[in-house]
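Q: Please see the structure below; I have some questions.
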Ligand SMILES: N[C@@H](CCC(=O)N[C@@H](CS)C(=O)NCC(=O)O)C(=O)O
């Protein structure tokens, strides 16, 4: 069996892995794990990733989770262009500097809207308004830092060429865009960066990758999402209660 990628394109780190593999012509079998249906909790997925999370890579007997580790594995194994994961020491650690900040300050915040606007209502729960507002404030602060401290006047987040950092950031931003948040309003440098990254990736690949998340609100509004089974609902309830 060749390379298998266990992904759900509703998930930001999964899309970063997907778009990287596709853009670089890396052959893989897509194994879709639908989080809304709780497929990551199924007994079939447990032996593949006991952490029950996606993305997960399987390359023969080698199994790997964590999007950044997967992206680095793919860039070495398939010898992708140097700009993605630069060999120059300072350029590489600059990329890791961003990825560290991203893990701490973006990941936990940008995904909350999907819970408040789609997943909680799907199981009949309303997230308290003060939590929603708190999240919006955190999102605004993080976007400002992304633009002022990382992007500044550069073409891409960590330099003049596109890297893994741009993919990770793009996919987090798409989560907000899909949920109706105008992340680019009043942020012209971020808007120009977004256009540059999407132009580099190509419109068709962006459409293919972002299609499912861009449709999620419409699907939710038109009751096209099936309510998950009870055990998944209880699991989701627990996750919702942890929204700060
Ligand atoms: N740090 C991990 C985050 C992975 C992650 O949070 N995956 C989510 C989807 S976005 C997941 O599988 N969630 C299922 C769960 O935690 O129950 C990465 O970058 O791969």
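Q: If you take the square roots of the eigenvalues of the alpha-carbon gyration tensor of the range 12-113 and sort them as a ≥ b ≥ c, do you get rounded (a/c under 1.5), prolate (a/b over b/c) or oblate?
A: Oblate, since a/c reaches 1.5 and b/c is not below a/b.
Q: Between residue 108 and residue 148, with labels modelled 7 Å along Cα→Cβ, what's the label distance in nm to one decimal, could you check?
A: Placing both labels 7 Å beyond Cα along the Cβ direction yields 2.2 nm.
Q: Which of 58, 37 comes first, and how do the rest follow, when ranked by fewest Cβ neighbours within 10 Å?
A: 37, 58
Q: Arranged from highest to lowest average of other beta-carbon atoms within 10 Å per residue, in what order do the peptides 188-195, 161-168, 129-136 appear?
A: Going from most to least packed, we get 161-168, 188-195, 129-136.
Q: Quick check: residue separation of residue 208 and residue 234 times 0.36 nm, minus the Cα distance between them. What number comes out in nm?
A: The span from residue 208 to residue 234 would gain 6.2 nm if fully extended.
Q: For the chain, what does the helix formula give at 222 nm: sum of -39500 (n - 2.57) over DSSP H segments with n ≥ 4, over the residue count, nearest 500 deg cm²/dmol?
A: The helix contribution divided over the chain gives -15500 deg cm²/dmol.
Q: What's the ranking of 75-84, 169-178, 150-159 by average number of surrounding C-beta atoms within 10 Å, highest first?
A: My ranking of the peptides, most packed first, is 169-178, 150-159, 75-84.
Q: Just want the ordering: 179, 30, from fewest to most Cβ atoms lying within 10 Å of their own Cβ.
A: Fewest-to-most Cβ neighbours within 10 Å comes out as 30, 179.
Q: Is the chain rounded, prolate or oblate when judged by the Cα gyration tensor, a ≥ b ≥ c being the square roots of its eigenvalues, rounded requiring a/c under 1.5 and prolate requiring a/b larger than b/c?
A: Cα axes put the chain in the oblate bin.
Q: With the cut-off at 1.5 for a/c, could you classify the range 63-146 from its C-alpha gyration tensor as rounded, prolate or oblate?
A: oblate
Q: Kindly state, to the nearest 0.05, the FRET efficiency for residue 92 paired with residue 222, given R0 = 45 Å and r defined as their beta-carbon distance.
A: The computed FRET efficiency comes out at 0.50.
Coordinate-derived values only; no laboratory data. Remember, predicted model here, so these are calculated numbers, not experimental data. We place every Cβ from the backbone using ideal geometry, glycine too, and count neighbours over all the protein chains shown.
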